[in-house]
Amino acid sequence: MALAAFASPYAAADDAGWYGGASAGQSRARIDDGRITSGLLGSGFATTSISNDEHSTGYKLFGGYQFNQNFALEGGYFDLGKFGFTATTAPTGTLNGNIKLRGLNLDLVGTLPITEKFSAFGRAGLNYAHAKDSFTGTGSVDVINPNPSKNAMNYKFGVGVQYALTESLAMRAEVERYRINDAVGNKGDIDLVSVGLIYRFGGKTPARAPRAAEPEPVAAAPAPELVAVAPPPPPTKVAFSADSLFDFNKATLKPAGKQALDKFAADLKGADFDVITVTGHTDRIGLHAYNMKLSTHRAEAVKTYLVQSAGIPSDKIGAKGVDGSDPVTKPGECKGQKVSKALIACLQPDRRVDVEVSGTK
């Protein structure tokens, strides 16, 4: 969790929200044969053999709240399945034991993004488990307390990886360890290896592109004769806010961003030009290598859209990313190095995509 916070200083509230999901997989216990043998010996029985069932199927249902890109609080219900043993004794008899485990958990989850869609995570928290035992004896073995049970709180932890299938749906694989009380005075660990799906609620609404202020109407003086009015010159350089084109920390164009690029392409239609240069900019928050990759991907996304949707020849348009090396904000205007909502908002003008048209005729 500390590594996630250190490696991703650009985390912000854009990733906050509720989510839910379900996972299932194999659970495994380690049955203490030595304790069983010792208990039987204390009652006058020698153990001739023990067979164990240490594997079962477990599942969990969970929900949580993502505070930011790196931290979430997650709780849910788990069922670790059923485990058991059969001990054969002398004098002749058998002792059969089974345990079922289910309960509730609450974890703090720390996430470390590795790529735009792939991430690793770790969790630590508490589980409140209900252990229900069942013992039966045959032959000479007589069970005094056949159905003990216990509710107890213990720790749990785990690690895993996650892959985003879409903005709302992700797949998760993880390994967890649950500390459990078995209702007969013994503590042990249950491991659950599971695969599941996560759904994030409340997708972000695309921001509307700001409308330019319309000039005040001016009464025109009567003209002595009709004259031809030349069409307005094509735009030579337009700066698009990255927040209007993309979601935070993403390089996929939003609907509002596509509309803004469609308007730019319409204004350029019919113009004769040499080349269009698309330059992606980030703010100064975050790692240089990551920001270079993000700004380049955003510039390439704009280039691809203008080529495919606006019909601009691919050999007349180029794309590049320049990190946060060319800010719009003035030195000292946005103070502080610690990431906060105020700093992110102040640096908003720096997060942009510039589209420059050269050699217009």
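The values are calculated or read from the model by the stated rules, or taken from the named source; none is laboratory data. Everything numeric here is computed off the predicted structure, so don't read it as measured data. Neighbour counts are summed over all protein chains in view; Cβ atoms, including those assigned to glycine, are modelled from backbone coordinates with ideal geometry.
When V302, V328, V307, V357 are screened for being farther than 16 Å from F246 by Cβ, buried (at least 18 other Cβ atoms within 10 Å of the Cβ) and in contact with a helix residue (DSSP H, G or I) (Cβ under 8 Å, 6 or more places away or on another chain), only V357 passes. Of the residues in the range 81-103, none is hydrophobic (A, V, I, L, M, F, W, C) and under 26 Å from the mean Cα position of the chain (by Cα). Is it the case that some residue within the range 107-120 is of a type in the set (K, R), assigned by TED's automatic domain parsing to the domain that holds D142, surrounded by fewer than 20 Cβ atoms within 10 Å (Cβ to Cβ) and not in a strand (DSSP E or B)? Looking through the range 107-120, at least one residue is of a type in the set (K, R), assigned by TED's automatic domain parsing to the domain that holds D142, surrounded by fewer than 20 Cβ atoms within 10 Å (Cβ to Cβ) and not in a strand (DSSP E or B).
Which numbered condition in (1) surrounded by fewer than 16 Cβ atoms within 10 Å (Cβ to Cβ); (2) at pLDDT 85 or above; (3) under 31 Å from the mean Cα position of the chain (by Cα) is the only one that T296 fails? So the condition that T296 fails would be (1). Taken across the range 270-290, residues that are in a helix (DSSP H, G or I), buried (at least 20 other Cβ atoms within 10 Å of the Cβ) and in contact (Cβ under 8 Å) with a residue 12 or more places away in the chain do not occur at all. Specify the residue that is surrounded by the most Cβ atoms within 10 Å (Cβ to Cβ); the eligible residues are those in the range 310-325 that are modelled with pLDDT of 85 or more and under 27 Å from the mean Cα position of the chain (by Cα). By that ranking, first place goes to G321. Counting residues in the range 134-156 that are hydroxyl-bearing (S, T, Y) and farther than 30 Å from G39 by Cα gives zero. For the range 133-155, the criterion of being more than 30 Å from G97 (Cα to Cα) and either without any contact (Cβ under 8 Å) to a residue 24 or more places away in the chain or in the same structural domain as G93 (by TED's automatic domain parsing) (or both) is met by none of the residues. All conditions in (1) among the polar types (S, T, N, Q); (2) out of contact with any Asp or Glu (no Cβ under 9 Å at 6 or more places or on another chain); (3) surrounded by 14 or more Cβ atoms within 10 Å (Cβ to Cβ) hold for S49, with the sole exception of (3).
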